[in-house]
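Would you mind keeping the following structure in view while I ask a few things?
Just so it is clear, none of the values below were taken in a lab; they were calculated from the coordinates. What you are looking at is a predicted structure, and each value in this text was computed from that prediction instead of being measured. Note: ideal-geometry Cβ built from the backbone for every residue, glycine included; neighbour counts use all protein chains shown.
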Amino acid sequence: MTHLTLQTDLGIERVAELQAALQPHLEAEAPLELAGDRVERVHAAGLQLLHAFVRDRAARGQRTTITQASPTLAAAARQLALAVSLGVDDAPADTIPSNGATA
């Protein structure tokens, strides 16, 4: 299994950096674990890119898991109805702060 830590800022200004970090793993055979515990800021563009990446790997039969999603990452994913597909829907919605999450 390959481990990759997501950057702290998944804002629209940083999407190119996120894409550059994910691209080498798109066609990799090994399962990929993305650690989301450091994410402090999220925009819809960052989540859309993450979702497309996870979806494209799944279509190739490759497993991708987001682990330890920060409260900000989980709240933003919920806000855009991507929490289940990204696998970050394991905490009650009322315990997740919405600061830093911007759709």
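Report the label-to-label distance for THR2 and VAL84 in nanometres (one decimal), using points 7 Å from each Cα along the Cα→Cβ vector.
2.9 nm
Can you give me the pair-distance distribution of region 2-96, C-alpha pairs, 5 Å bins, whole percents?
Reading the bins upward from 0: 3, 15, 28, 28, 18, 8, 2, 0.
Enumerate the amide H contacts of ILE66 below 5 Å, restricted to partners 5 or more residues apart or on another chain; note that Pro and chain-start residues carry no placed amide H.
Under 5 Å from the amide H of ILE66 lie the amide H atoms of LEU34, each far enough along the sequence or on another chain.
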